[in-house]
Amino acid sequence: NICMIEKKKTELYQELGLQARDLRFQHVMSIATRNNRIIMRMEFLKAVITPEFLLILDYRNLSLEHWLLNELASQLAGEGQLVTYSLPFEFRAIEAILQYWISKLQGRLNTLQPQILETLEALVDPKLLSVDRSKLHILLQNGKSLSELETDVKVFKETILEILDEEEVIEELCLSKWTDPQVFEESTSGIDHAEEMELLLENYYRQAEDLLNEARELRVLIDDSESIIFINLDSHRNVMMRLNLQLTMGTFSVSLFGLIGVAFGMNLESSLEEDPRIFWLVTGIMFLGSGLIWRRLLSFLGRHLDPPLPPHVPTVLKKSQPAAGRVEIKTNLKGETFGLSRNTLTNQ
């Protein structure tokens with residue numbers, strides 16, 4: 001049964017037998033027990049669990065109507081349980097809230113993962129000479145969202161781990177064990193409800209661990225993709241720097257032999273300017289000399305920038321060395337054999 005009530009905060013904690021600090025709205029994550037009540041804080045989701053009912057505080061501002069009306073009722077009714085016996089109400093309530101929160105975190109990861117993969121696929125492209133800034137901005141926002149998700153999952157894990165380390169707290173979470181005589185008889189007859197609560201918390205601890213591993217793998221993928229992006233940018237930058245250096249050397253070569261033209265362009269009288277073939281001869285020498293110097297500079301650049309090739313080992317040497325070793329060993333064995341037989345005959 002689902003019902004909605006409105007009460008003042010003072011009336012509510014007096015009716016529940018709690019303190020004012022227990023219902024304080026804090027964006028933290030914790031699971032605690034007070035006066036046979038379980039107080040669960042999952043950041044914005046705050047709930048009070050008793051052996052009879054589950055109280056969700058201030059749900060209207062959290063858009064929880066779909067979960068409260070369609071999913072929570074069936075979970076509290078015990079539908080889809082794997083155990084053969086019915087668990088107490090507080091077990092189902094804790095499991096419903098933990099299931100809602102872990103599905104909330106999983107939904108955030110499912111939303112981020114395709115966006116990050118699509119952005120990385122667009123950025124990690126060796127054909128691109130530049131990086132799209134809009135894609136980098138989207139990747140930065142998704143990276144921040146992923147960091148927030150990792151923090152939330154870590155806090156969720158630490159909260160459950162603190163409870164698993166304290167056996168007394170696990171015993172206190174089993175409210176019906178101390179109030180319901182039938183549940184107490186079940187616990188004495190072999191059904192350990194504290195162990196069931198521990199298994200329940202361990203299940204969601206493992207789910208949080210798997211979720212955190214997926215987020216870490218996505219983080220590693222982002223870091224590796226950033227390294228690939230930087231490598232591609234460095235490669236393109238090196239190509240542009242090499243092209244700039246080649247053009248600089250070409251300009252130097254042309255300007256070096258351009259001094260000849262400068263010399264002939266001076267207002268000096270000589271017998272060479274009277275010959276019509278001198279112009280073409282001097283122009284050809286300038287272009288030919290500039291080209292030769294440019295080629296020499298390019299070969300010098302290639303020798304100092306290109307990585308050296310590994311030394312080539314001839315195939316004949318590779319095959320002949322083991323064979324020579326084997327022949328030498330056989331010869332030594334034959335010599336030793338002949339020497340032994342000769343000594344034996346002499347002794348006889």
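The values are calculated or read from the model by the stated rules, or taken from the named source; none is laboratory data. Since we're looking at a predicted model, the values are computed, not measured. Note: ideal-geometry Cβ built from the backbone for every residue, glycine included; neighbour counts use all protein chains shown. Side chains are part of the model used for accessible areas, which takes the heavy atoms of the whole protein and leaves out ligands, DNA and RNA. Shrake-Rupley method; radii C 1.70, N 1.55, O 1.52, S 1.80 Å.
See the values below:
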| item | result |
| --- | --- |
| Pairs, first within 17 Å of residue 41 (Cα to Cα) and outside any loop (DSSP other than H, G, I, E, B) in region 59-88, second modelled with pLDDT under 70 and open to solvent by 30 Å² or more (accessible area, probe 1.4 Å), C-beta under 8 Å, six or more apart | 68/59 |
| Checklist (1) over 24 Å from residue 169 (Cα atoms); (2) open to solvent by less than 60 Å² (accessible area, probe 1.4 Å); (3) modelled with pLDDT under 80 applied to residue 67, failing item | (3) |
| Conditions (1) touching a strand residue (DSSP E or B) at 6+ places or on another chain (Cβ under 8 Å); (2) in a loop (DSSP other than H, G, I, E, B); (3) touching a residue at least 60 places away in the same chain (Cβ under 8 Å); number of the one not met by residue 2 | (1) |
| Looking only at region 130-170, and only at residues there that are among the polar types (S, T, N, Q) and over 21 Å from residue 113 (Cα atoms), the one that is most open to solvent (accessible area, probe 1.4 Å) | 130 |
| Cβ-Cβ under 7 Å pairs, at least 6 apart or on other chains, region 114-143 side under 13 Å from residue 226 (Cα atoms) and in a loop (DSSP other than H, G, I, E, B), far side at pLDDT below 85 and among the β-branched types (Val, Ile, Thr) | 124/228; 124/229; 131/229 |
| Scan of region 5-35 for residues that are in a loop (DSSP other than H, G, I, E, B) and surrounded by 15 or more Cβ atoms within 10 Å (Cβ to Cβ), ordered by number | 18 |
| Residue list for region 2-27, restricted to those being closer than 30 Å to residue 154 by Cα and touching an Asp or Glu at 6+ places or on another chain (Cβ under 7 Å) | 27 |
| Residues satisfying the stated conditions in region 36-53, i.e. open to solvent by less than 100 Å² (accessible area, probe 1.4 Å) and either over 22 Å from residue 169 (Cα atoms) or assigned to a loop (DSSP other than H, G, I, E, B) (or both) | 36, 43, 44, 50, 51, 53 |
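Conditions tested, residue by residue: (1) closer than 30 Å to residue 239 by Cβ; (2) over 14 Å from the mean Cα position of the chain (by Cα).
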{"position": "134", "(1), (2)": "yes, yes"}
{"position": "140", "(1), (2)": "yes, no"}
{"position": "143", "(1), (2)": "yes, no"}
{"position": "149", "(1), (2)": "no, no"}
